[in-house]
Ligand SMILES: Nc1ncnc2c1ncn2[C@@H]1O[C@H](COP(=O)(O)OP(=O)(O)OP(=O)(O)O)[C@@H](O)[C@H]1O
Ligand SMILES: [Mg+2]
């Protein structure tokens, strides 16, 4: 089945360099750069205030206390209070605009990845665990945010404090400054060594955390099955095992992180002690003032923090790189289907023909359809039957273009589905799948999913056509009754009818129903079939069903067997 590959070839995933990754992160930060610049400016102010304090202390000791100047003592103390109030106000404001900006960046990033996830096909979700995706959407994006917003601000702040403190230290005593910095090269060497270990441990822990989330998502969404098969103990044990693995990795990472921070800290205290010994001797000899030494050690204390945060900053960068990689893995998953560059318009409302022309489809390596051909004229009702696993749901998925056939083509109103805009296709063809999913909100919200503009009367009509009347009359809140998580409040048949109402409301050109009455009793099923036939008499209907109710009034019945459609004898038409 040679098909010209050019227009419909799947798109290859782009490879991303580190630069591309950083550019991606930056594209979310860029819109907030004015706010971030304001934050940087206020932190400059904060740095100035912070650096002024030790100098005031020096003046207090040397000039006011030792100089015996009471007026200066009072003035300087009052100045200190004023500076304290100012710096509190500035940091409160700073925090507020910072949280606001970083929250917005976080939501924008997560929104982008989520939007991409919504374009991916069932094939992607068959490969990925939900918990893993959750941990990437949550933990990894948080890590990227810390890198993109916090790290640059922390770096700027550290550079400012460090430069300021070092300048003032040099002013106070250059030799003492050189002594204080003597241990720096050893710290750098140590950090260079510890860095790959941090990398490895970070990725291991992130993967573990994804495993735990996956487990929880799966276990909780199948509580009933777990209970029914008395698998509670096994599940608890499995979580226990995962917990132990996670704890091991967590401890390892924490210890590495701790060492990466503590060892340089140790070097710092040695430096501090040296300064006290040498500086103290200088004070005793009269070569340095007492206030000078107090101020110098205060500046040294202030410089150690930023020095360590600068040295440690690359660790945040490493962590962020791991997270960026993990998020890019999602973004690089190309959708199996995409809108064509120039979509062709569907003919305006009305029935449309559906054709499968020599369609080949295989999942992984297993062939499901082999040159399958099916011609459904506009307005016809066609029933598809076939053994379980024959590929009926696969045909339904092809009609909605969740994936494309590997050979042949599927057409709607004579147009290749790959030439239509996905939104047009999915508006014109309503599919009710085998698995019913309702969304949180009211019954009306769930029915309105595909047609948000529909008014209450239309929703009510669709619901009653789907045989929901008796249920709605029984519920005090009627259509406004909340559905609850995953529609757990309603029976299988009720949920099936809600999903059907959702399709009916779309008023589609083609209605595709995959086992629409499997959960209904014979009487309700017959009423539903009659109602669908009445409402959609002029529309194309494709029904996957083994129930005799659904066969009534069919224009053709096809059996899917060995990858092809074969006609079955025409059923008796009752209507005539
Ligand atoms: N994502 C997938 N990956 C691999 N194989 C798949 C996938 N989805 C379906 N299959 C396989 O493709 C075949 C056709 O599946 P399909 O769901 O279309 O059958 P069906 O006719 O709808 O069956 P049923 O009547 O039980 O609903 C089956 O053998 C199934 O195991
Ligand atoms: Mg099926």
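DSSP bridge analysis restricted to the range 354-568 gives an antiparallel fraction near 55%, rounded to the nearest 5.
If you bin all the Cα-Cα distances of the range 18-331 at 10 Å, starting from zero, the percentages per bin are 5, 19, 24, 22, 14, 9, 4, 2, 0. In terms of other Cβ atoms within 10 Å, 365, 232 run from fewest to most in the order 365, 232. When a/c reaches 1.5 or more, the comparison of a/b and b/c decides; with that in mind, is the range 84-189 rounded, prolate or oblate per its Cα gyration tensor? Oblate, since a/c reaches 1.5 and b/c is not below a/b. Counting only alpha carbon atoms, the long axis of helix 232-285 and the longest principal axis of the chain meet at about 20°.
The three principal axes of the C-alpha atoms in the range 494-576 carry coordinate ranges of 32, 32, 27 Å, sorted with the longest axis first.
Taking a ≥ b ≥ c as the square roots of the Cα gyration tensor eigenvalues, the range 192-350 comes out oblate, since a/c reaches at least 1.5 and a/b does not exceed b/c.
Remark: spin-label model distance residue 108-residue 456 equals 4.0 nm, labels positioned 7 Å along the Cα→Cβ axis.
Against the chain, whose longest principal axis comes from its Cα atoms, helix 456-465 is set at around 50 degrees.
Across the chain, the mean sequence separation of Cα contacts (distance under 8 Å, 6 or more residues apart), normalised by length, yields a relative contact order of 15 percent. Once the mean of 1/r is taken over each pair of separate Cα atoms and inverted, the range 133-179 shows a Kirkwood hydrodynamic radius of 13.1 Å. Over the chain, DSSP H runs of length four or greater, each weighted -39,500 (n - 2.57), average out per residue to a 222 nm ellipticity of -20000 deg cm²/dmol. Calculated on C-alpha atoms, the gyration radius of the range 270-421 divided by its Kirkwood radius gives an Rg/Rh of 1.61.
What separates the Cα centres of the range 244-298 and the range 502-541 is a distance of 76 Å.
Mean projected area of the Cα convex hull of the range 36-145, taken over all directions, amounts to 9.5 nm².
Only bridges with both residues in the chain count here: give the DSSP antiparallel percent, nearest 5. Among the beta bridges of the chain, antiparallel pairing accounts for roughly 55 percent.
Counting pairwise Cα distances across the range 354-434, what percent come out greater than 20 angstrom? Here the tail beyond 20 Å accounts for 28 percent of pairs. Over the C-alpha atoms of the range 397-476, the Rg to Rh ratio, Rh being the Kirkwood estimate, stands at 1.08. When the alpha carbon gyration tensor of the range 39-90 is reduced to an equivalent ellipsoid, its three semi-axes come out at 26, 11, 5 angstrom, largest first. This ranking places 299, 125, 246, 98 by how few other beta-carbon atoms lie within 10 Å of each, fewest first, which gives 125, 246, 98, 299.
With neighbour counts taken as other beta-carbon atoms within 10 Å, the residues 209, 388 rank, fewest first, as 388, 209.
Relative to its Kirkwood radius, the Cα radius of gyration of the range 354-568 gives an Rg/Rh of 0.97.
Only alpha carbons enter this Debye calculation for the chain, each as an equal point scatterer, and the log10 of I(q)/I(0) it gives at q = 0.06, 0.09, 0.12 Å⁻¹ is -0.52, -0.87, -1.24. Available extension along the chain between residue 115 and residue 181 is 18.8 nm, counting 0.36 nm per residue and deducting the alpha carbon span.
Rounded to the nearest 10 degrees, the angle from helix 33-59 to the longest Cα principal axis of the chain is 20 degrees.
Values quoted throughout were computed directly from the atomic coordinates according to the rules given, and no laboratory measurement underlies them. All of these numbers come straight from a predicted model, not from anything done at the bench. Because the Cβ atoms are built from the backbone with ideal geometry, glycine has one as well, and the counts that use them run over all protein chains shown.
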